[in-house]
Amino acid sequence: MRAGGEGNSLRGVAGNAIAISTTTAGVLAQVLVEPGESISAGQPVAIVEVMKMETEVPSPVAGAVSSLDATPGSMLEAGAVIAWIEPGTETRVASDPEPGPEAIGSTAVRADLAELLDRRRRSRDEGRPEPVARRHERGGRTARENLDDLIDPGSLVEYGGLAIAAQRARRSEEDLIEKTAADGLIGGIATINEGLLGESVNCSCAVVSYDYTVLAGTQGAIGHFKKDRLFELIERTRLPVVLFAEGGGGRPGDTDYATGSSLTARAFALWGRLSGRVPRIAIVAGRCFAGNAALAGASDILIATENSSLGMGGPAMIEGGGLGSFAPEEVGPIDVQEANGVVDLRVADEQDAVAMAKRLLAYFQGSLPEWEEPEQKPLRELVPESRRRTYEIRDVLATLADAGSVTELRRGFGKGMITALIRLEGRPVGLIANDPSEMAGAITSDGADKAARLMQLCEAFGLPLLSVVDTPGMMVGPEVEETALVRHCSRLFAIGPNLTVPLLAVVVGRGYGLGAQAMVGGSFLEPMLTLAWPTGELGPMGIEGAVQLGMKAELEAIADPDEREQRFRDLVAGLKHHFRALNVATYFEIDDVVDPAETRGLLCRALTAAPAPRAGHGEDGRDRVPWVDTW
């Protein structure tokens, strides 16, 4: 009696014959053997079709076909017998088939895989020798070379690498594959700085790069779709992102989608929505205009190379508007964009830009496991005893911070204010400081904007803030009021008091008036810790001005000029004693006056005691700031 069995090919035995049965219901599409034919174990005996899918029915053993029980076209139920096999000496079951041609060690490549591998090669630098060579001849690096330098080796998960430009209506697919690799936009997720920060830190990031070798890095339809996909992914995963923005803006030549205004592209809205949610670092090398410039300008930190030209409108748009004819190098060159504050960091070339991007990104990724502490005793001498003598505040900052950890932002703009990212015992910290060598450290509109934006950046991403104070106050005079000083300087009073990240303050020289209060969140009682050095002076206004105004009537009543001048000096000396930090500390208007060499240790201990803020969120779980101003 013939019986059924289990497995891919159900087995029964009648004498020595074994039944070959189907495990699925369907139509017998094809019988692949004939009675008397010898077959091997695992060899297909028939094909059963169900829902347009074909399933092979293999023989569990080697042997000879003794008979067939079904014909092509028959409707079969699961378990129906198709054929009988007289087994030979070999009895290898189908679940353990003979190795086929695609087994491990085979050198054969299927046609579909070969096509994929070829397409991938052609979309990468090795398959595009001519545009790569042209890029190198101009002294630049390709987009993929920059990304390879930026990310940890082998960590890139690319999105849309096989995309081509939406121009099938006027160009062949072969031409588009050859000349529009990835539609000029490379993007994905990767890790950056794992070797620097260690395994305990999540170093996952997003990377997006325009490819200038593809249609001048212009923004195509498919490229916009890719950006949309990546930007939404970044928002969901809260990944920091580095953007290489070189390119010519919108592309008019795409044909494969219907549009009237072309103003429904979502990339700018999605990129803007990331503000305050994830750190966004943009790199501009070469020409960057229009839409590409808008993305760069809306980033949190903008790095630009010496050969960069950055503008909201490129030469074609300028000429089209009837505004003249200009070379690309005349539109937004680096000297202009550094001095006006557009560029945060000026670097030599793409290699330096990538190195700086990695350095900057690390501040937002976490603490370093190792650091070097500079010798602190030199701090005792860096601020001169003479209150009228200028000095190099950057030497003070470099000594307070971990060795080599100071990265200054917007150095060429608002020069009386220094903004930087530093580390204290490996911990990333934001820094604002007055520079007494520039307009005595008085706060201008540009300086206030510069400091206010760093405050926002620190608040958004959970970085503590250190304020190093040496200022005579806000800059005054009719000319500076023409710069809207009232509104610009008041930004510090709107943002500083609302910080939730730890704020620490050190008064190393003068701390006078509203300017001093603006540097410390509105009041010397706002910081978590307010320290002063013995050289510190604190008061409602500068000493000489306070005497001239407050004692004006008394001084004018003294007829003798020499006597009047002596009285003025006596009053200044008395007020200087009253305003000095040691006296102010007796009123408990600051927390302590310290040996400068002890400052770093006190700051680090205070930061250790402070609760670690959750980057991007306040105590209620909501975003601390809805966005970070672009200015």
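The values are calculated or read from the model by the stated rules, or taken from the named source; none is laboratory data. The structure presented is a predicted model; accordingly, all values stated were derived computationally and were not measured. Heads up, the Cβs are rebuilt from the backbone with ideal geometry, glycines too, and the neighbour counts pull from every protein chain shown. Accessible surface is based on the protein model in full, side chains and every heavy atom, while ligands, DNA and RNA are left aside. Shrake-Rupley method; radii C 1.70, N 1.55, O 1.52, S 1.80 Å.
Some notes on this structure:
- Taking other residues whose beta carbon is less than 14 angstrom from the beta carbon of Ala267, and scoring Lys, Arg as +1 and Asp, Glu as -1, yields +3.
- Here the Karplus relation 6.51 cos²θ - 1.76 cosθ + 1.60, evaluated at θ = phi - 60°, turns the backbone of region 73-85 into coupling constants of x, 6, 7, 10, 8, 4, x, 5, 7, 9, 8, 10, 10 Hz, with x for every Gly and Pro.
- Accessible area (Å², 1.4 Å probe, nearest 10) - Lys552: 110
- Scanning residues 5 or more positions from Leu409 or on other chains, those with amide H under 5 Å from its amide H are Thr419, Ala420, Leu421, with H placed 1.01 Å from N in the peptide plane.
- Filtered trypsin sites (Lys or Arg not before Pro), region 383-458: DSSP coil and at most 15 other beta carbons within 10 Å: Arg387, Arg388, Arg389
- Stretching the chain fully between Ser40 and Glu375 yields a gain of 112.6 nm (0.36 nm per residue, less the alpha carbon separation).
- Loop-located trypsin sites (Lys or Arg not before Pro) in region 186-264 (DSSP state other than H, G, I, E, B) with a sparse environment of at most 16 neighbouring Cβ atoms within 10 Å: Arg238.
- Checking [x] 27.6, 86; [y] 36.5, 116; [z] 36.0, 139 against Rg and Dmax of the Cα atoms in Å calculated from these atoms, the matching label is [z].
- For region 342-482, the relative contact order comes to 21 percent (Cα pairs under 8 Å, sequence separation of at least 6).
- Share, in percent, of DSSP beta bridges within region 252-396 that are antiparallel, nearest 5: 10
- Relative contact order of region 395-440: 31 percent, from C-alpha pairs under 8 Å at least 6 residues apart in sequence.
- Per-peptide average of other Cβ atoms within 10 Å, ordering 590-602, 501-513 highest first: 501-513, 590-602
- DSSP H segments from the chain that extend 20 Å or more along their own axis, Cα-based, with Kyte-Doolittle mean of -0.5 or above: 221-237, 350-365, 445-461
- Cα centre as origin, Lys/Arg/Asp/Glu Cβ charges: the chain dipole, Debye: 860
- Computed E for Leu582/Thr264 - FRET, C-beta separation, R0 60 angstrom, nearest 0.05: 0.40
- When Asp352, Asp228 are compared by accessible area at a 1.4 angstrom probe, the order from most to least is Asp352, Asp228.
- Alpha carbon centroid spacing (whole Å) that separates region 263-304 from region 209-260: 11
- Among the GluC sites (Glu not before Pro) in region 361-444, those located in a DSSP loop and surrounded by at most 14 other Cβ atoms within 10 Å of their own Cβ are Glu370, Glu372, Glu375, Glu385, Glu392.
- Where both bridge residues fall in the chain, DSSP classifies roughly 55% of the beta bridges as antiparallel.
- Sum of side-chain charges, Glu158 neighbourhood, beta-carbon under 11 Å (Lys, Arg +1; Asp, Glu -1): +4
- When both bridge partners sit in region 176-271, DSSP labels roughly 60% of those beta bridges antiparallel.
- For region 48-58, backbone phi angles converted through the Karplus equation (6.51, -1.76, 1.60; θ = phi - 60°) give residue-by-residue couplings of 10, 10, 9, 6, 6, 10, 9, 10, 7, 10, x Hz, Gly and Pro being listed as x.
- Relative contact order of the chain: 8 percent, from C-alpha pairs under 8 Å at least 6 residues apart in sequence.
- Here is how the number arises for the chain: DSSP H runs of 4 or more residues each give -39500 (n - 2.57), the sum is divided by the residue count, and the result at 222 nm is -9000 deg cm²/dmol.
- Region 56-73-region 366-407 distance, computed between alpha-carbon centres (Å): 85
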